[in-house]
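Peer 1: The structure's right below; bear with me while I get my questions together.
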Amino acid sequence: MSALPNMANPAGKPVEHGGDLSAVRRRFPDAPLPWLDLSTGINPVPYPVPDLPRDAWARLPAREQAEALIDAAAHRYGVADRSTLVAAPGTQALIQALPRLVPKARVCIVGPTYEEHETCWRRQGHEVSVVATLDDARDADVVVLVNPNNPDGRLVPVERLVAAARLLVVDEAFIDLLPAAASLAPTLPPRTVVLRSFGKTYGLAGVRLGFAIAGPDIAAALRADLGPWAVSGPALEIGRVALADDAWLAATAERLTADRRRLDEILVSAGFTIVGGTPLFCLADHPEAASTVDRLGRNGIHVRAFRQSPRRLRFGLPGDAASFDRLRTSLT
């Protein structure tokens, strides 16, 4: 088994994420406002939040509300057995819960990828390796794969994922805008957990809503670990409406496809090489990536850099024509 270097932070410092402007504001205090945050893979044009009934805020969530959300998620993700669906206050809560529910194991994470997976499994005392390919993980008890991967967009075909380990965890946070056949959710193999994010595609990360699709034993364990009323009343209502809106998702997919092409054109014209991505973000290579981060920061634009890959930057999508123009001008 060929392992990549340990990506966990031995000092226990928080994992770096996109979307936190506090540090970059301090670094570039004279940058023009407002900041253009391209450091995440979140849809910059969010779903229009419906007016919520007063009870959504004032009362504890009712069982009927939770069941209505699960029905909408089953429709959206093509899940026939709704009992396999678990709703949570964000996919991050599920990423943290799973390692608590599994006996100490040899865990292989196919990476480099979203670093919280490694951090959470290590925190619970599991033996963790980050490996370059799925083949390198064949001796593991637990295999964790982000599909499509963050940040490079690598996509492993579903037929290669069946029976990959005694427990397979597939994080499909960025799969909503890909063909349905790319997801394991509709044909869940045994001993598999699929994670689906709501906030990224729907542009509502602050709602904190995510789902696990798992067999009966793991689904029950996750529900027990999350406890009662895990998802807020407003999140239940917003998720139910949004996940049922097929027309909005189709129109959004068309817009994001066009916007991703536009982003690629801007980056290529600025000397970048496109090395990967998804409809929601682009990973690009440039020999002067570090100085580009500084130049963009001075212009009030925040992008995602990587300590382990100093030539690479991840760009989220600008949300409107003015933001595209601002990025283009700042790169020239």
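Peer 1: Within the stretch 245-332, which strands (runs of 3 or more DSSP E) (wholly inside it) include 1 or more residues that are at negative phi and open to solvent by 40 Å² or more (accessible area, probe 1.4 Å)? Step through it out loud before you land on a result.
Peer 2: Details: elements: 273-278, 281-285, 312-316.
Filter on the stretch 245-332 gives 273-278, 312-316.
Peer 1: Another question, if that's okay. Examine the stretch 128-138 for a residue that is more than 24 Å from residue 308 (Cα to Cα), at pLDDT below 95 and basic (Lys, Arg), and state whether such a residue exists.
Peer 2: Our first condition is that a residue be more than 24 Å from residue 308 (Cα to Cα); within the stretch 128-138, this holds for 138.
Of the ones still in play, those that are also at pLDDT below 95 are 138.
From what is left, the residues that are basic (Lys, Arg) are 138.
Looking for residues that are more than 24 Å from residue 308 (Cα to Cα), at pLDDT below 95 and basic (Lys, Arg), one finds at least one in the stretch 128-138, hence yes.
Peer 1: Something else now. Would you say residue 38 is touching a Phe, Trp or Tyr at 6+ places or on another chain (Cβ under 9 Å) and among the aliphatic types (A, V, I, L, M)?
Peer 2: Numbers: touching a Phe, Trp or Tyr at 6+ places or on another chain (Cβ under 9 Å): yes; among the aliphatic types (A, V, I, L, M): yes.
Criteria met by residue 38.
Peer 1: May I ask you to list pairs of residues, at least six apart or on different chains, whose Cβ atoms are under 8 Å apart, with the first in the stretch 51-66 being open to solvent by less than 90 Å² (accessible area, probe 1.4 Å) and the second being not in a helix (DSSP H, G or I)?
Peer 2: Within 8 Å, the pairs are 61/229; 61/231; 61/232; 66/87; 66/231.
Peer 1: Still on this model: Please specify each residue of the stretch 81-110 satisfying the condition of being within 15 Å of residue 215 (Cα to Cα), of a type outside the set (Gly, Ala, Ser) and surrounded by fewer than 17 Cβ atoms within 10 Å (Cβ to Cβ). Walk me through it before giving the result.
Peer 2: Looking only at the stretch 81-110, we keep the residues that are within 15 Å of residue 215 (Cα to Cα), and these are 81-87, 94, 98, 101-102.
Filter again for of a type outside the set (Gly, Ala, Ser), leaving 81-82, 84-86, 94, 98, 101-102.
81, 82, 101 - these are the residues of the stretch 81-110 that are within 15 Å of residue 215 (Cα to Cα), of a type outside the set (Gly, Ala, Ser) and surrounded by fewer than 17 Cβ atoms within 10 Å (Cβ to Cβ).
Peer 1: Does residue 31 meet the test of being in a loop (DSSP other than H, G, I, E, B), among the small types (Gly, Ala, Ser) and open to solvent by less than 90 Å² (accessible area, probe 1.4 Å)? Can you show your working first?
Peer 2: Values: in a loop (DSSP other than H, G, I, E, B): yes; among the small types (Gly, Ala, Ser): yes; open to solvent by less than 90 Å² (accessible area, probe 1.4 Å): yes.
It is true that residue 31 is in a loop (DSSP other than H, G, I, E, B), among the small types (Gly, Ala, Ser) and open to solvent by less than 90 Å² (accessible area, probe 1.4 Å).
Peer 1: A further question on this structure: Mind checking which residues of the stretch 137-167 are open to solvent by 60 Å² or more (accessible area, probe 1.4 Å), closer than 16 Å to residue 126 by Cβ and among the small types (Gly, Ala, Ser)?
Peer 2: If the condition is that a residue be open to solvent by 60 Å² or more (accessible area, probe 1.4 Å), closer than 16 Å to residue 126 by Cβ and among the small types (Gly, Ala, Ser), then no residue fits.
Conditions (1) touching a residue at least 12 places away in the same chain (Cβ under 8 Å); (2) of a type outside the set (D, E, K, R); (3) more than 29 Å from residue 238 (Cα to Cα), marked per residue:
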position	(1), (2), (3)
130	yes, yes, yes
167	yes, yes, yes
184	yes, yes, no
200	yes, no, no
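Peer 1: May I ask you to verify whether residue 230 is under 21 Å from residue 85 (Cβ atoms), in contact (Cβ under 8 Å) with a residue 24 or more places away in the chain and not in a helix (DSSP H, G or I)?
Peer 2: On the way: under 21 Å from residue 85 (Cβ atoms): yes; in contact (Cβ under 8 Å) with a residue 24 or more places away in the chain: yes; not in a helix (DSSP H, G or I): yes.
Answer is yes for this residue.
Peer 1: State which residue pairs qualify: first residue of a type in the set (Asp, Glu) and inside the stretch 260-283, second residue at pLDDT 95 or above in any location, beta carbons under 9 Å apart, and separation of 6 or more residues or different chains.
Peer 2: Filtered contacts from the stretch 260-283: 264/272; 264/274; 264/277; 264/282; 264/284.
Peer 1: Of these, 42, 70, which one is of a type in the set (Val, Ile, Thr) and closer than 15 Å to residue 211 by Cα?
Peer 2: 70 is the lone residue from the list that is of a type in the set (Val, Ile, Thr) and closer than 15 Å to residue 211 by Cα.
Peer 1: Right, next: If I ask for residues that are touching a Leu at 6+ places or on another chain (Cβ under 9 Å) and β-branched (Val, Ile, Thr), which ones from the stretch 108-142 would you list?
Peer 2: 109, 110, 113, 130, 131, 142
Peer 1: For residues that are of a type outside the set (Asp, Glu) and open to solvent by 20 Å² or more (accessible area, probe 1.4 Å), scanning just the stretch 71-80, find the one that is nearest to residue 218 (Cα to Cα).
Peer 2: In the first step, residues of the stretch 71-80 are kept if they are of a type outside the set (Asp, Glu); the result is 72-80.
Filter again for open to solvent by 20 Å² or more (accessible area, probe 1.4 Å), leaving 75-76, 78, 80.
Working: 75: 21, 76: 21, 78: 19, 80: 17 Å.
The selected residue is 80.
Peer 1: Separate question: Looking at 329, 292, 252, can you tell me which residue is touching a helix residue (DSSP H, G or I) at 6+ places or on another chain (Cβ under 8 Å), hydroxyl-bearing (Ser, Thr, Tyr), modelled with pLDDT of 95 or more and over 23 Å from residue 175 (Cα atoms)?
Peer 2: Numbers: 329 fails: touching a helix residue (DSSP H, G or I) at 6+ places or on another chain (Cβ under 8 Å); 252 fails: over 23 Å from residue 175 (Cα atoms).
Of the residues listed, the single one that is touching a helix residue (DSSP H, G or I) at 6+ places or on another chain (Cβ under 8 Å), hydroxyl-bearing (Ser, Thr, Tyr), modelled with pLDDT of 95 or more and over 23 Å from residue 175 (Cα atoms) is 292.
The values are calculated or read from the model by the stated rules, or taken from the named source; none is laboratory data. Remember, it's a predicted structure, so these values are computed and weren't measured experimentally. Positions of Cβ are generated from backbone atoms using ideal geometry, with glycine treated the same way; all protein chains shown enter the neighbour counts. When the accessible area is computed, the model is the full protein with side chains, heavy atoms only, and any ligands, DNA or RNA have been set aside. Shrake-Rupley method; radii C 1.70, N 1.55, O 1.52, S 1.80 Å.
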